[in-house]
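The values are calculated or read from the model by the stated rules, or taken from the named source; none is laboratory data. All values reported here derive from a predicted model rather than from experimental measurement. Glycine also receives a Cβ, built like all others from the backbone with ideal geometry; neighbour counts cover every protein chain displayed.
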Amino acid sequence: MSEPHEHRVQEFYDSALHCYERIMGDRWHHADPDALASGLSRLRGCEIIEERLAALCGLRPGDRGLDFGSGIGGPTIHMARVTGASFIGVTNNARLTELARANAARLGLADRVSFRTIDDLGYQALPFPDAAFHAVTFFESVCHLSDKPALFREIARVLIPGGRVAGIDWIQRPFGPYQSEAQIAAIMQPVNDAITIPAHGTVASYRVYLESAGLRVAIARDLYDSVLCWSTVQDDETPSWAGYEGPEQQMFRRGEEALAHARRAGVFSVGMWVAAKPA
Ligand SMILES: C[S@@+](CC[C@H](N)C(=O)[O-])C[C@H]1O[C@@H](n2cnc3c(N)ncnc32)[C@H](O)[C@@H]1O
């Protein structure tokens, strides 16, 4: 049997680790756009959106959260710290899991924040019992999955009745002169190829996945509605993607060019969703 797409994602993060950590630190997602617009740093903007999503989940001290696709742990650890909840972060890459564990231990939070490596297709049958979590979060991880509805079904299963899911993710959309599927695909395909994304969803498609899983959607929106989605990296002192030197530098520079082109065309954006499991 051929390897699933998700195995290539696991390998992608083996090579991306050096580049991503060097350029983005321990936050591999977009910052809150309003925070950036008001002049706050990228790191603070990332923390603010993590705090917003954790608050929208209603997490309280003693609650249990699951962070799907936890990278090297920055968002998971921060959400645990600000809410007082316990968190488990999962990825399909053991090197990321090890670093995330070390980060939690360094910050003295290992008793409340743990990390676990799951199989490439483990998201289709999460290794947790029914109703194990008060909340599930995701930060720019679901885009990598070839069967996104399967994850949302599993999220619904592992949530307690009344529990909530909140997340942000890469999406595509019509923008300006680029209105047809073919026009959008021509710009997005190089991004998909470079970042190991089988297909980008939309604000509407994730809403359908959530609803089909039996969840009640409270928020489904484009974080950059009607404007270009820019600035994963904003701090002047951050080494620029274009000048990145290190393992696989050509691949990452090419990927960043493809993404910058999609941002400029307006067809790339970031969506945000919050939904609840009926009580
Ligand atoms: C862009 S990174 C985001 C990391 C983290 N959420 C953050 O914002 O810093 C995407 C994450 O999704 C994880 N991921 C991708 N496909 C996965 C899969 N099939 N199962 C579990 N995790 C996956 C990757 O390992 C990585 O940790």
- Note on the structure: For the stretch 125-152 the number of residues that are crowded, with 18+ Cβ neighbours inside 10 Å and not in a loop (DSSP other than H, G, I, E, B) is 13
- Task: Could you grab me the full set of residues in the stretch 29-68 that are under 15 Å from VAL113 (Cβ atoms) and touching a residue at least 60 places away in the same chain (Cβ under 8 Å)?
- Result: GLU50, ALA54, LEU59, ASP63, ARG64, GLY65, LEU66, ASP67, PHE68
- Query: Do we find that GLY39 is modelled with pLDDT of 95 or more, away from the ligand (no atom under 11 Å from the Cβ), surrounded by fewer than 19 Cβ atoms within 10 Å (Cβ to Cβ) and not in a helix (DSSP H, G or I) in this structure?
  - Reply: no
- Quick one: in the stretch 55-83, which of the residues that are in contact with a Leu (Cβ under 8 Å, 6 or more places away or on another chain) and over 22 Å from GLU6 (Cβ atoms) is farthest from the ligand (Cβ to nearest atom)? THR83
- Item | the stretch 93-124, subset closer than 25 Å to ARG157 by Cβ and away from the ligand (no atom under 12 Å from the Cβ), residue surrounded by the most Cβ atoms within 10 Å (Cβ to Cβ) | VAL113
- Residue within the stretch 84-92 that is over 11 Å from THR137 (Cα atoms), in contact (Cβ under 8 Å) with a residue 12 or more places away in the chain, assigned to a loop (DSSP other than H, G, I, E, B) and within 13 Å of the ligand (Cβ to nearest atom) present: yes
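Rundown of residues vs (1) out of contact with any Pro (no Cβ under 9 Å at 6 or more places or on another chain); (2) free of Cβ contacts under 8 Å to residues at least 60 places away in the same chain; (3) over 30 Å from MET188 (Cα atoms), yes/no style:
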residue	(1), (2), (3)
THR97	yes, yes, no
ALA102	yes, yes, yes
ARG112	yes, yes, yes
ASP120	no, no, no
ALA135	yes, no, yes
GLU140	yes, no, no
